[in-house]
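S.K.: One structure coming up, written as structure tokens, with questions to follow.
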Amino acid sequence: MCQLDEVTITATRPTEGAYAIVPFIYVYDYHQENEELLGDFAWDSNGGGGSNSGSGTSCTGDKVYNSATNSCNCPSGTVENSERECVEYIEEDIKICLSSLEFSDVGANWQAAGIKNVNIQFLTIGSPTKLVNVYISELYIGLPKESPLVGGYLTNHNARTEGQTLITKAEGVTDLYQSINPNSNSVQLRDYFYTKLREFTREKGGEISTTAPLGWNGQLKEHQTYIVSSGLECD
């Protein structure tokens with residue numbers, strides 16, 4: 001009797017009524033009816049068992065089975081690296097300076113900040129180590145001045161902290177994406193970061209763009225960052 005580790009198989013697109021257990025971090029686009037599907041399936045040839053097993057499914061290493069998603073996931077606080085090992089995820093230690101976010105009013109209930117020469121470096125967690133630089137020439141963040149989504153009334157001054165939080169959060173999830181997809185290039189990472197930042201900003205009733213909002217007369221600020229653990233903020 002043998003126990004299979006995680007295996008990679010090739011299969012045609014499942015027909016109606018068929019299904020496969022695939023880790024949630026992998027996303028597939030079906031463009032053709034018989035397009036081949038390459039994925040990672042967790043399979044226990046003995047029908048279950050082991051300390052990290054679920055109903056008929058056994059997970060390898062430190063991973064735990066999630067019956068809700070039918071997948072083997074890394075425990076909280078860790079992320080899967082390029083070698084499919086669960087490694088500790090370190091929160092962002094670099095943040096954008098509040099001085100790089102200068103919000104000014106645009107209309108009665110809207111405010112926006114413009115940042116230029118945005119340079120962000122994304123680091124692969126685990127092995128192999130890889131650093132990819134992403135550049136955005138101009139980035140604008142707009143937020144409502146008054147909305148339940150921002151906790152009531154948001155002044156231009158307090159909007160800076162909100163903007164910093166949104167950008168830091170988007171950088172963090174892009175680091176995770178880069179770790180799981182270590183072959184991602186700068187264009188892919190830029191698009192992923194932009195998409196996540198837009199998603200998080202819209203949750204606050206805001207919006208982002210690479211062109212200035214209509215009616216915005218604010219000043220573009222240079223993108224500057226600081227190391228949180230140093231205890232020193234920007235000027």
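S.K.: In percent, how large is the relative contact order of the stretch 94-230, given Cα pairs closer than 8 Å and 6 or more residues apart?
M.R.: Normalised by residue count, the contact order of the stretch 94-230 is 39 percent.
S.K.: Would you mind ranking Thr155, Thr168 so that the residue whose beta carbon has the fewest other beta carbons within 10 Å leads the list?
M.R.: Lowest count first: Thr155, Thr168.
S.K.: Of the listed peptides 99-110, 223-234, what is their order by residue-averaged count of other C-beta atoms within 10 Å, with the highest listed first?
M.R.: 99-110, 223-234
S.K.: Pull up the DSSP beta bridges for the stretch 94-230 and report the antiparallel fraction as a percent, rounded to 5.
M.R.: Expressed as a percentage, antiparallel bridges in the stretch 94-230 total about 90.
S.K.: Cα to Cα, under 26 Å, and not fewer than 8 places away if on the same chain: which lysines meet these conditions relative to Lys204?
M.R.: Output for Lys204: Lys95, Lys116, Lys145, Lys169, Lys196, Lys221.
S.K.: If I model a spin label at Leu123 and Glu203 as a point 7 Å from the Cα along the Cα→Cβ vector, what separation in nanometres do I get?
M.R.: 2.4 nm
Laboratory data are not the source of any read-out in this text; all were calculated from the coordinates shown. If you're wondering where the values come from, they're calculated on a predicted model, not measured in any experiment. Because the Cβ atoms are built from the backbone with ideal geometry, glycine has one as well, and the counts that use them run over all protein chains shown.
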